[in-house]
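Inspection log for the structure reproduced underneath, given as structure tokens.
Please treat every number below as a calculation from the coordinates, not as lab data. Fair warning: this is a prediction, and the values are worked out from it, not measured in the lab. We place every Cβ from the backbone using ideal geometry, glycine too, and count neighbours over all the protein chains shown.
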Amino acid sequence: MQTENSSTERGEPPSGNSIQALKQFRSAGRGFWRDVAETDWNDWRWQMKHRITTVEQLEKFLPTLTPEERAGAQLSNTKLALGITPYFFNLIDPADENCPIRQQVIPKIQETHTASWEMSDPCGEDSHSPVAGLVHRYPDRVLFLVTDRCASYCRYCTRSRLVSNASGYDFHPEYDKQIAYIAAHPEIRDVLLSGGDPLLLSDEKLENLLSRLRAIPHVEFLRIGTRIPIFLPQRITPELCAMLKIFHPLFISVHTNHPRELTTEVRDALGRLADAGIPLGNQSVLLKHVNDDADVMKALVQKLLMCRVKPYYIYQCDLIAGSAHLRASVAKGLAIMEKLRGHTTGYAVPTYVIDAPGGGGKVPINPEYVLCRNAGRVLIRNFEGKIFEYPEAPDGRPCGRPPEKIEESQLV
Ligand code: SF4
């Protein structure tokens, strides 16, 4: 079922868009870096040191740069930074300007076009931040922002105001204050480390941070949100996994958008994390020309299960400034969900959510399966469109009618 790709030794990008072709596991290959020593290539610090960060490097490695991309890359030291690991760069198809990998990490001048409804902090994190670098929006959990660095920079990043420090955002997390706040709030039972990417911290620093959090009796559950296994699978060393497993229950959410990101290297890295007993989930962002297609999404979620990762969320792209060219419609998202639910393994079906603009939190969005409901019965339809009646239990209550008109004052 799983196939290796010998052609990647030649540094060729994968091709083919059928579900089966997309589900094949291939190595990213070595591309321009074929003469680099194996030990260097597999060293995550080497990968970080040799990232593509300037327009000049980009032009050298990607001669097919479009005028929009060149203009965007020229601004990358004043907007969200440009940074691509050599490993991840090898997944870009230079012959395809619509390559889904390329769309995610190569800047475009359209990032400077901001619509009136776009925001620099679309999830309202700053207004729910009791101390710098800590977001306390939901009652029993906090988001702990540990760094403003990432291995590569996604062009639609919700935290582009923060990551890469390109916009001069004042990010100086003081771990003592963040930890003191968590310790002083017994209602916090779940801490999500994110950023930037927490797995860019050294093993020692991360161990220290996790130890301090584990020492707080009411913290039941730790999570790490990371794109490192995808951008930099070399970072998932046996030593890192051995350290992380000390801190169970510890979950990791990775972030993958397209099945081509799931290479043999990524599959092996995720396997090391899973072997350390870490439950793995995936968060995808619905992106135009990347994964706004039911076949692509189906290949992604099925391939994730093959990597022992549960597809967790599909996010509607946040209203981040300069992201309109990457934002797919909610209608597309719903159509994709319609083609997943019932059509593939239930474990493979993520929850599609909109993070309510301004800080309302995640709201699940689903195709309508309940056609009507009253005190006596529920009318439902299945994935094939067949309609069924289910008798309501005696304690069932009639559904309140939706308001016929929503007053402007009800809108947040
Ligand atoms: S890895 Fe996450 S935090 Fe970093 S740029 Fe991408 S979306 Fe933003």
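Odds and ends about this structure:
- Of all DSSP-defined beta bridges confined to the chain, some 40% are antiparallel rather than parallel.
- Mean separation of Cα contacts under 8 Å, 6 or more apart, over the residue count of segment 65-186: relative contact order %: 30
- Pair-distance profile P(r), taking every C-alpha pair of the chain, with 20 angstrom steps and integer %: 25, 57, 17, 1
- Here the dipole of the chain is about 620 debye; that uses its Cα centre as origin and unit charges on the Cβ of Lys and Arg (positive) and Asp and Glu (negative).
- GNM result for the chain, Cα springs below 10 Å: residue of Ala274, Ala95, Ala328 fluctuating most strongly: Ala95
- For Met119, the amide hydrogen comes within under 5 Å of the amide hydrogens of Ile320, Ala321, counting only partners 5 or more places away or on other chains and with H modelled in the peptide plane.
- Near Gly124, the amide H atoms lying under 5 Å from its own belong to Gly358, Gly359; only residues 5 or more places off or on other chains count, and H is placed 1.01 Å from N.
- Here the mean projected area of the convex hull built on the C-alpha positions of segment 194-327 is 8.6 nm².
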